[in-house]
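The values are calculated or read from the model by the stated rules, or taken from the named source; none is laboratory data. These numbers come from a predicted model, not from an experiment. Reconstructed Cβ throughout: ideal geometry from the backbone, glycine too, with neighbour counts over all protein chains shown. Note: accessible area is taken over every heavy atom of the protein model, side chains too, but ligands, DNA and RNA are not part of it. Shrake-Rupley method; radii C 1.70, N 1.55, O 1.52, S 1.80 Å.
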Amino acid sequence: MVHTFNRALAEWARSDGLTWAFIFKALLTAFLALWLAYRLELPQPGTVLVTVFIVMQPQSGQVLAKSFYRIVGTLLGLTVMVALIALFNQERVLFMLCLAIWIGLCTAGAARYRDFRGYACVLAGYTAVMIGLPATSHPDDAFMLALWRVLEITLGILCTGLVNGLILPQSTSTDLRNTLHGRFRDFAAFACEGLAGSLDTARFDAHNARFAAAAVSLENMRSATAFEDPHMRMRSGRLARLNNEFMVLSTRFHGLHQLLRRLANESPGAPTPPVGASSARESSLASRAGSYGGGVVLEALQPCLAEVSGLLAPLRDRLSSEADAAQLATRLEACKQELMELIRAGRARLAMQQPSEAQGLDFDTAAELLYRFADDLHNYAQTHASLLDDHHAREQWKESFRPRANAVAAAVAGLRSSLLILLLSLFWMATAWPSGGTFAMTVGMVSALASSSSNPRRLSLQLTLGAFGGACLGILMTFWVLPELDGFALLCCALAPVVALGAYMLSRPQLAGAGLGLLVWFSMTSMPANQTLFDPHRVLNEYLASVLSMAIATAAAAVLLPPNRPWLWRRLERDLRMCVVNAVSGRMKGLVSGFESGTRDLLNQAYLYSAGRPDVQRQLLRWMFLVQEVGHAVIELRLEQARLPALSCYAESMPWRNAIRAMGRALIRLFIQPSEANRQRALAAVEQAIDSVRTTAEPCAPQFETSPLRRLQSYLHFIRTSLLDPQTPLAVADEPAPAQGFAHAT
């Protein structure tokens, strides 16, 4: 009985208990910050509470990270506003124009970075609005007003960080470890199914999308843990390396799985030729690419696949700790030697059946991908095991996760914010509305808060509904409750239901926007100041200005180029394709990490922006797969060429080098302008490169593991099979898009 009760209590603590802990900490933080604001006689205690509710997060690491960047953004906004007030204190129009430009730049920065740096941009704009707009009415007091705002914001930050760090702390580092262990468990199960050939297309797509989102999320958690846990801070380089190695590992497995899928789909007889003018040529290329006898190649590969699958099978049903990773690394060290012997034995078995040249290339390409997959898995296990030590050589990691965002989308978000705040400010100056400052300030705050959202219209609408609810509660509180109170204790009792309701909504992702709107605008308008003034007209005007401004911001987010529309999907698709262009022509330094992180960040954005459109998501995934296959093979080609010894057969002037460079130019043309004609040109260039590499003599032994040109030939062959894949989006690039739906960039 006691055991059952303890287990039920533990389950409650991990679910609803976390929500109640968050509500308790929100109440404690709000009342502590409010008490200090009154004791220190700060002019606007409501600003302190606004800061508390914006910074408040379930994990302490996120709170500390957001607090740090909030201070940075606040100081930056303060500096800019003081400079603008000094320059334009007598010219309100010029001041508002400069303020609108600054808000637009901050909003564009938030849309560009979408992490804690983006949060600093949000706060730089938000602070500028809070300081700048009230100062336009009283320019003589602008400097002191700015200092008071900074003190109020800093007090809210300190109170939030103190309470979250000391009272029932929920560590971000714990979530990071659980994410790491759970991600590898899921990948082990995913890889086992893929190697066994039992992974269907829908689950393959879903797993890849989830792994891409996990890579972005883990990078954000890694940044947050550096603020709260010194032990994780000492491992920050290894965590970044681990995330990069997992992305490389999943890309390698993706290429291997796609090649195995193509081999499994091949029939013993001749395949059905493609329909169209280029049918004869594609049929010939498909024959040379290995479109015959795939079952023979798979049969020869089966012992090799089973060897790797057997290592991963025990890890797919449990979370793997650092100690488990150390054991896996030891087993993989021995497995790589055994795998090499199995590959040689499989090649010998295949040779006994007198395979065609295409079948030999298929086997060599799949064997190379499998061996490199095992090697990448070994590197990942070694890095994961190194987390046991505070200091380790693998900490020296120079690469970093480099997010990618569409510059046009960021510029649109900034321009939308600038235009809104400028128009509302002109309305304020033209009408001399007493609450016009709140009218303009609110639209700036809403635009800044919604700028990093994948659906600004939905978040703006949630903020509006929350603010409307806060207005109803605020009017009730201001006119019927607060006049009857006497003392801080009774004030806390009156505010507790509102704060608890808002905190509960904040703890629910689907209601977080409404909860934030309720708490922020209730605190801004209804919280009694140190010199309390009961003015019904002012309160009603302030709430009217806030709600009306939010409604305008919501309408603008829905009408003025919202991001969850085809124009952005097309641009993100183009950005994905340009990753191949960068893989061909970009600098080698940081190329691997930039390619891996950039493609996943773009896919994650595309998935968020196209939520509710599975057809669009499938199309973007198809492009993602093609980009990863071709881009990764091109990078491997470049790395292999960079490691070549200084022999005459590997000289830069050799014909095979020129053929590979011509292939790179053809791939650039294809991915910039996808079309059937460009695909045929690229296929011809790849074929020419394969022929040129094949006919080049080497002084070393012709075995696969000792011949660089044999390895280059396998990468070129993989590029050829990717371009010939009937599931590639290039196969339908010239087809007309439907009247309603996702129009192709081509």
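With contacts taken as Cα pairs under 8 Å at a separation of at least 6 residues, segment 118-256 carries a relative contact order of 20 percent.
At a temperature of 25 °C and a viscosity of 0.890 mPa s, determine how fast the chain diffuses translationally according to Stokes-Einstein, using the Kirkwood radius over alpha-carbon pairs as Rh; express D in µm²/s, rounded to the nearest whole number. Mind showing how you got there, number by number?
Values: Rh = 28.8 Å.
Reported coefficient: 85 µm²/s.
How about K398: which lysines have a C-alpha closer than 23 Å to its C-alpha, ignoring those fewer than 8 places off in the same chain? Hits, sequence-local ones excluded: K589.
Based on the Kirkwood approach, the hydrodynamic radius assigned to segment 535-639 is 16.4 Å, with every pair of different Cα atoms included. Among the protein heavy atoms, those of V408 account for about 60 Å² of accessible surface (1.4 Å probe, every chain in place). Counting every pair of alpha carbons in segment 510-584, the share spaced more than 19 Å apart comes to 61 percent. For the set D535, D575, the ranking by accessible area, highest first and with no ligand, DNA or RNA atoms included, is D535, D575 under a 1.4 Å probe. As an equivalent ellipsoid, segment 92-222 spans semi-axes of 46, 22, 7 angstrom, where each value is the square root of five times an eigenvalue of the C-alpha gyration tensor, largest first. The angle between the Cα long axis of helix 2-14 and the longest principal axis of the Cα atoms of the chain comes to about 80 degrees, rounded to the nearest 10. H392 exposes around 70 Å² of accessible area when a 1.4 Å probe is run over every protein chain in place. Please give the helix 655-672 orientation as an angle from the longest Cα principal axis of the chain, in degrees from 0 to 90, rounded to the nearest 10. The answer is roughly 40 degrees.
About the Cα centre, and with charges only on the beta carbon of Lys, Arg (+1) and Asp, Glu (-1), how big is the dipole of the chain? Nearest 20 debye, please.
960 debye
A DSSP coil position with no more than 12 other Cβ atoms inside 10 Å describes the following trypsin sites (Lys or Arg not before Pro) in segment 513-608: R587, K589. Once the Cα atoms are used to define both axes, helix 201-228 deviates from the longest principal axis of the chain by about 50 degrees. Rolling a 1.4 Å probe over the protein heavy atoms leaves L639 with an accessible area of roughly 50 Å².
When the alpha carbon coordinates of segment 594-720 are projected onto the principal axes, the ranges are 57, 29, 21 Å, largest first. Here's the picture: charge each Lys and Arg Cβ at +1 and each Asp and Glu Cβ at -1 in the chain, and of N541, F22, A682 the one pushed furthest to the positive end of that dipole is A682.
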